[in-house]
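The block underneath contains the structure these notes are about, expressed in structure tokens.
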Amino acid sequence: MLRAKRDDSSISAKLTKDDAEQIRAVLKAVGFEEGYASANDFVEAAIRRELRRLQRKYNNGRKWPGVPSGQLRPGRRTREETARHEDRIN
């Protein structure tokens, strides 16, 4: 699997303890067979799949123009935003 060169435009995410444990369990059980050398490999692959899915669904399968670091609001959702999001998915 070829990877893009990393740079300093990183994004980080917090996972629940359960999700982190499940990632480790997947890696231990089938990581080698599936081609994942690390938890980071697994998470990056999942993110790329989701990016492609959203590009197909909302942007005719094309990449959107990139958004430079610092252009999005930092931090977590507010309680109001979280409630609105949960209302939409339930």
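Values quoted throughout were computed directly from the atomic coordinates according to the rules given, and no laboratory measurement underlies them. Predicted, not measured: the structure shown is a model, and the values here were computed from it. Counting neighbours? That spans all protein chains shown, and the Cβs are built from the backbone with ideal geometry, glycine included.
Need one word for the range 50-90: rounded, prolate or oblate. Basis is the Cα gyration tensor (sqrt eigenvalues a ≥ b ≥ c); a/c below 1.5 gives rounded, then a/b vs b/c decides.
Numbers: a/c = 3.85, a/b = 1.33, b/c = 2.90.
Judged from the Cα gyration tensor, the range 50-90 comes out oblate (a/c at least 1.5, b/c at or above a/b).
Using the charge dipole of the range 15-63 (Lys, Arg: +1 at Cβ; Asp, Glu: -1 at Cβ; taken about the Cα centre), state which of Gly61, Val26, Asn40 has its Cα farthest towards the positive end.
Of the candidates, Gly61 comes out farthest on the positive side.
Below 14 angstrom from the Cβ of Val30, what's the summed charge of the other residues (Lys, Arg +1; Asp, Glu -1)?
Details: positive: Arg24, Lys28; negative: Glu33, Glu34, Asp41.
Net of charged neighbours comes to -1.
Taking each pair of distinct Cα atoms in the range 15-63 once, what is the resulting Kirkwood hydrodynamic radius in Å? Let's see the in-between values first.
On the way: mean 1/r = 0.0840 Å⁻¹.
Result for the range 15-63, one decimal place: 11.9 Å.
Answer with a single label: of (1) 25, 20, 15; (2) 31, 21, 14; (3) 30, 18, 15, which was calculated as semi-axes √(5λ) of the Cα gyration tensor in Å from the structure in view?
Recomputing semi-axes √(5λ) of the Cα gyration tensor in Å here gives the entry labelled (1).
If packing is taken as the average number of other Cβ atoms within 10 Å across a peptide's residues, how do 10-16, 48-54 rank, most packed first?
Numbers: 10-16: 7.4, 48-54: 11.1.
For the peptides 10-16, 48-54, the packing ranking is 48-54, 10-16.
Quick check: pseudo-label points 7 Å beyond the Cα along Cα→Cβ at Glu34 and Lys14, how many nm apart are they?
In this crude label model, Glu34 to Lys14 measures out at 2.5 nm.
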